[in-house]
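Read through the structure below, which is laid out as structure tokens, and then see the notes.
The values are calculated or read from the model by the stated rules, or taken from the named source; none is laboratory data. Small disclaimer: the values here were computed from a predicted structure and weren't measured. Please note: Cβ atoms are built from the backbone with ideal geometry, for glycine as well, and neighbour counts cover all protein chains shown.
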Amino acid sequence: MLKACCLQESESQGKIIHAHIVENDLALDISLGNVLVDMYIKYGNLEDARKLTALMSIEQAKAWNAVILAHAMTNSEISSCDFEGILREGIGPRGRTLVSILSTCMHYGLLEEGCSHFKHIWENFRCSPMPENYSCMGDLLGRAGCLNEASDILRTMPLPSNIVMSTSLLTHCKMHGNMDIGKHCFKHVNPG
């Protein structure tokens, strides 16, 4: 029924169903919780989506990702409490969660926060690195003009960099006028 409320664009009916769930002390499993979070996000109600996510069980990385991405899509700056909520709930951020966080930091130019989250997750959770994590971090650094650091991230990551990462860094080199790193990126993009 909740999905139908989303399709019919009836937030008020969705809230009535949510209130019924709460009043009758019904279990909020992963599927039901995610549908509710998706409903609140669809209607731009990020505060209720965030509150609901915080109440959900440990296996809710998908719901947290949705809340974090909704902040980016609606131009609402992510608060550190969203990230801390993930950690507090013991969800142990997964690679996709970090992509969501870094993308939001990149969107708002939150270089310090992005670097801190990137470092914290690898040092404390030993997540398996994903190319998207390094690509986001390289792009965040590149946009901020930290081209040496962006180049170092892509050069030293435990995965092979791809042409998209090198092209992104090449674009930032052009934007910031760094020919030295730009030449190296160009050689990777155009090896011939």
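Could you list, in sequence order, the residues of the stretch 12-36 that are modelled with pLDDT of 80 or more, exposed (fewer than 11 other Cβ atoms within 10 Å of the Cβ) and hydrophobic (A, V, I, L, M, F, W, C)? Within the stretch 12-36, just A19 meets the criteria. Selection of the stretch 15-49 for residues being farther than 12 Å from A66 by Cα and of a type in the set (D, E, K, R) yields K15, E23, D25, D29, E47, D48.
Residues in the stretch 78-99: is at least one of a type in the set (F, W, Y), in contact with a Pro (Cβ under 9 Å, 6 or more places away or on another chain) and either modelled with pLDDT of 60 or more or assigned to a helix (DSSP H, G or I) (or both)? Yes, that holds for at least one residue. Among residues belonging to the stretch 120-170 that are over 18 Å from the mean Cα position of the chain (by Cα) and of a type in the set (V, I, T), point out the one that is farthest from G182 (Cα to Cα). So the residue we want is T156.
Table: residues versus (1) in contact with a Gly (Cβ under 7 Å, 6 or more places away or on another chain); (2) assigned to a helix (DSSP H, G or I).
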site	(1), (2)
G145	no, no
L154	yes, yes
V164	no, yes
H172	yes, yes
H184	no, yes
H188	no, yes
